[in-house]
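Input: a single structure, listed below in structure tokens.
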Amino acid sequence: MPQIGDTKIGREIGKGNSSHRFMWVACNDCGKERWVHSPKGIPENLICIDCRNKKFRLVSLKLNKGKHAKIYKGGFKTKQGYKIVYLRPDDFFHPMANRTGYVMEHHLVVAKSLGRCLHLWEIVHHKNHIKDDNRLENLQLVTSDTHKQITRLEERIKFLENSVKELKLENKQLKKECNNDY
């Protein structure tokens with residue numbers, strides 16, 4: 001077993017055909033011993049990869065979430081157009097958040113008005129179909145089946161409204177043709 005401070009060439013310790021120098025060192029944080037590349041007799045990394053990753057994760061969790069994120073403007077928008085906001089782990093509504101700590105803003109608005117977290121089967125419907133209009137009066141809490149019914153009825157209404165527009169245009173054109181014939 002090598003001793004702290006021992007140096008060897010890469011090919012001697014199984015680092016391929018490397019002629020680079022490596023030094024046996026212990027991590028400054030956890031004490032784990034390992035071979036470290038050491039050009040000019042100075043080890044490059046005094047902290048092992050596991051400890052570096054832990055520090056990076058802690059820093060990125062603190063600096064890149066919610067208000068601390070570089071592009072934070074009170075929340076972000078998803079590709080689908082919904083607003084999402086970051087909830088701290090100690091927040092009462094955090095159980096509604098995804099694994100990264102974000103929750104859909106319209107879910108949060110309804111949950112806060114109810115004073116409880118939403119159940120998995122509850123869906124928040126935007127009455128005016130504008131996905132980032134999260135005013136409470138524009139939101140409706142429904143079940144999955146009810147949401148499907150609302151969506152089908154709204155699609156049918158839109159279809160019928162378009163049919164009425166087309167028929168009005170056709171009616172207008174027919175009236176012009178009748179007036180031109182006389």
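Derivation of every value follows stated rules applied to the coordinates shown; laboratory data play no part. The model shown is predicted, which means the values in this text are computed figures rather than measured ones. Quick reminder, even Gly has a Cβ in these numbers, built from the backbone with ideal geometry, and neighbours come from all protein chains shown.
Would you grab the residues whose amide H sits under 5 Å from the one on E33? Only those 5+ places off in sequence or on another chain, please, with H modelled 1.01 Å from N.
Correct list: C27.
Set the bar at 23 Å for Cα to Cα. Now go through K131/K158; K127/K172; K79/K127 and name every pair that lies beyond it.
Numbers: K131/K158 18 Å; K127/K172 33 Å; K79/K127 20 Å.
From the list (K131/K158; K127/K172; K79/K127), the Cα-Cα distance tops 23 Å for K127/K172.
So what J values fall out for segment 14-28 if you push phi through Karplus, 6.51 cos²θ - 1.76 cosθ + 1.60 with θ = phi - 60°, rounded to Hz, Gly and Pro as x?
Listing the rounded values in order: x, 9, x, 8, 5, 9, 6, 8, 10, 10, 7, 9, 10, 5, 5 Hz.
Amide H to amide H, which residues 5 or more places from L46 or on other chains are under 5 Å from it, using H placed in the peptide plane?
Here the answer is none, since no amide H 5 or more places off falls under 5 Å of that of L46.
Report the net charge of residues surrounding W24, where surrounding means a beta-carbon distance below 11 angstrom and charges are Lys +1, Arg +1, Asp -1, Glu -1.
Details: positive: K8, R34; negative: D6, E33.
The answer is 0.
Just L160, L118, L108 to compare: in a GNM of the chain, with alpha carbon springs under 10 Å, which one fluctuates most?
Greatest mean-square fluctuation among the candidates belongs to L160.
Let me make sure I get this right: for segment 73-146, a, b and c are the square roots of the gyration tensor eigenvalues over alpha carbons, sorted descending. Under 1.5 in a/c it's rounded, otherwise prolate if a/b > b/c, else oblate. Which is it? Before the final figure, lay out each step's value.
Numbers: a/c = 1.67, a/b = 1.19, b/c = 1.40.
Judged from the Cα gyration tensor, segment 73-146 comes out oblate (a/c at least 1.5, b/c at or above a/b).
If each of E154 and E170 carries a label point 7 Å out from its Cα toward its Cβ, how far apart are those two points in nm?
Reported label-point gap for E154 and E170 is 2.8 nm.
Once fully extended, how much extra length lies between C178 and D90, figured as 0.36 nm per residue of separation less the alpha-carbon to alpha-carbon distance? Don't skip to the end; give the middle numbers.
Working: separation 88, 0.36 × 88 = 31.68 nm, distance 7.31 nm.
Result: 24.4 nm gained on full extension.
What size of dipole, in debye to the nearest 20, comes out for segment 7-62 about its Cα centre when the only charges are +1 on Lys and Arg C-beta atoms and -1 on Asp and Glu C-beta atoms?
Numbers: 12 positive and 5 negative charges, 34 e Å.
It works out to roughly 160 debye.
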